[in-house]
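Everything on this sheet refers to the single structure shown next.
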Amino acid sequence: MLVPSLSVAPEAPVNVVDLGSFEIRAGVAGLDGPTYVRPSFIVGESLPSGGAAEAISSDQAISYLPDERYLFKPMPNRVVSQIIANGCVTREDQFSSLCNLLFNGSSRCKSHAFRELDPGYPMALFQPHFVQPLERDLIASCLFETHSIPALYIGDQEAAAAYSVGKTTALVIDVGYGKTVVSPIVDGHCIHSKSYRSDVTGKLLHEILEHEIYAQLRTQHGSLGTGQDLNAQDAIRPKESVSLLTNVQVKQVYDATTNTYTRTQLPPELCGPSFVAFHKQLLLSEIVQFCFQASHKPMDMQLDYRGMQKELHEKGSVSHYLLPDGNKIDLSFSASLIPEGLFNTSVYPIFFNTRLLDPTSIQMHAHKAIVSLHDSVQPELASNVVVVGGLSNINGVLNRLKLELESVIPSVLKVKLVNSQYNNLSRRFAVWYGGNVLSSLGTFPYFWASKAEYEEYGISILDRRRL
């Protein structure tokens, strides 16, 4: 057995970083929360070569602009790329540019967070349990060799989520943008072989929601849709094809004398497809958080919800969401049908013509994870269910999940969601909070690997130290 090296002072502060598919959270252990939260996207600027940015080839020279302000300043020669996709780092150069920002800040950002993320501190970095050793090796080599950090610990996000509520044995259900995972945590360890992934993720919900919005906009502006009652007077009318316009594509000017907005669509060449796609995800995420409402009981798949929605619209008893271009959309039943797929995946092929490779619902994954383990830990897993991730903040999801778990888990086991009363930020930042708890332990220096150990033993030393 390798004896851990304490060449790095045990009392040294620790940088805690949670690599999410939609957001990255970073900060120093011991603080009340992450001091830097940013989208998991980065802007690349093509070096002058006469080509369009959106057609950059893989071998073309790119200069990355990691500061998040560039995500909101589209230019023709810039492209938005996702740093973390499905929980995994996509490119080493993008990750290295992100680390440059975390450690060095920028000319604009002189905030508390940048002053405290010091490359001289050890780092605790958290990823999904299913990330392959090759990718962990890529991250470790980047941090040790390029940024010269003294020590590194790479842990499981699922285990950290359990630590955030003070549990070492729990069932963690992470419903996020890039992944939905059900993982049993036993004695602080994530049981990888009994962890299950679902095809129903935040990204899928965004795609279905976008399709629904397009369908409504076509109806409003098509041959059947003269109903301008759904649109603001200053709404932008599509000239050719219907599109979902985002904030970066629309210029709004407020007139205080008339109390109205003047909206104009900016020229498409000012905002490339990658910028549009990124801001579309931000808009869809906002609609999901503010408009979606999970049903308190299973929805009847035999009912004609679309017909009911049309009837409500004719009666004028529906709520609307105002898009950046001034058009209004009616979500009513769609706002409940789309999140219903978390618990009943048959919703998607029936109502949205979307088929999943694995139609297993999250409560059935939870059932498999619990009953596949020894009887002695099943009661503790069932009574310590930890729900985290962005989709856990949808209205009604936690109550509905508890109902579904109680219906499939053996009645002798009492189901309890331990963080159901926590606020939205606590579930959103649960992995970072758990990493904060772990990094604050006096024994934590025995889990990290120093740079010298990594150079001698490679990625295997990080895997052996992993909880």
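The values are calculated or read from the model by the stated rules, or taken from the named source; none is laboratory data. It should be emphasised that the depicted structure is a prediction, and the values quoted were computed from it without experimental measurement. Every residue, glycine among them, receives a Cβ derived from its backbone with ideal geometry; neighbour counts consider all protein chains shown.
Picking from 385, 437, which residue would you name as being touching a strand residue (DSSP E or B) at 6+ places or on another chain (Cβ under 6 Å) and in contact (Cβ under 8 Å) with a residue 40 or more places away in the chain?
Values: 437 fails: touching a strand residue (DSSP E or B) at 6+ places or on another chain (Cβ under 6 Å).
When all the criteria are applied, what remains is 385.
Out of curiosity, is residue 207 charged (D, E, K, R) and either touching an Asp or Glu at 6+ places or on another chain (Cβ under 6 Å) or at pLDDT below 95 (or both)? Quick ask: steps written out before the conclusion?
Values: charged (D, E, K, R): yes; either touching an Asp or Glu at 6+ places or on another chain (Cβ under 6 Å) or at pLDDT below 95 (or both): no.
Answer is no for this residue.
Restricting attention to segment 81-96, the residues being of a type in the set (Ser, Thr, Tyr) and either modelled with pLDDT of 90 or more or in contact with a helix residue (DSSP H, G or I) (Cβ under 6 Å, 6 or more places away or on another chain) (or both) number 2. Residues that are of a type in the set (A, V, I, L, M, F, W, C), surrounded by 13 or more Cβ atoms within 10 Å (Cβ to Cβ), at pLDDT below 85 and in a loop (DSSP other than H, G, I, E, B) within segment 226-265 comprise 232, 235, 236, 242, listed in sequence order.
When residue 441 is tested against (1) part of a loop (DSSP other than H, G, I, E, B); (2) surrounded by 20 or more Cβ atoms within 10 Å (Cβ to Cβ); (3) among the hydrophobic types (A, V, I, L, M, F, W, C); (4) at pLDDT below 95, only condition (2) is not met. Taking the criterion of being touching a strand residue (DSSP E or B) at 6+ places or on another chain (Cβ under 9 Å) and closer than 18 Å to residue 401 by Cα, the residues of segment 368-382 that qualify are 368, 369, 370, 380, 381, 382.
Does residue 318 satisfy the criteria of being β-branched (Val, Ile, Thr), closer than 27 Å to residue 396 by Cβ and modelled with pLDDT under 80? Yes, satisfied.
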